[in-house]
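Read-outs: derived from the displayed coordinates by stated rules, not from any lab. Everything numeric in this text was worked out from a predicted model, so none of it was measured. So basically every Cβ, Gly included, is an ideal-geometry build from the backbone, and we count neighbours across all protein chains shown.
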Amino acid sequence: MPRPRFTLRAVLIVLTIAASGLWWHVDWVRQRRAVIGSALESRESILGGPQPSAPGLLWLFGEEGYALITVIRSSPVRREGFDRLQAIFPEAILFEEDPLPDRGPVGDWPNSP
């Protein structure tokens, strides 16, 4: 059985396509980690729920999936931002929630002992 022969051009084309696909996934991981980092710093989002698998090949880069992302309504996330979050985290369910009021010390709460 003869060995297959490839031209240098064919090998370079295949490597370029493979590298482009890997670059796209690495950029996706970078975007996800940037969003998670800024959300944890500003406390504008809550990540939670059981951990589904990450979409695509992101698991190869050590990325985890998220089942639930809650965005606090006072944060400056508009509809475009919500759509961007859904594109970056397709495995997650997005919720928008009002911020909790600042209630002060426990003794100031209604019906507190």
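Quick look at the numbers
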{"read-out": "Label point distance in nm, residue 91-residue 17, each placed 7 Å from Cα along Cα→Cβ", "value": "2.7 nm"}
{"read-out": "For segment 51-67, 3J(HN,Hα) per residue [Karplus equation, 6.51 cos²θ - 1.76 cosθ + 1.60, θ = phi - 60°, Hz, x = Gly/Pro]", "value": "8, x, 6, 5, x, x, 9, 5, 4, 5, 9, x, 7, 9, x, 10, 7"}
{"read-out": "Interchain or long-range residues, amide H under 5 Å from residue 68's placed H", "value": "48, 93"}
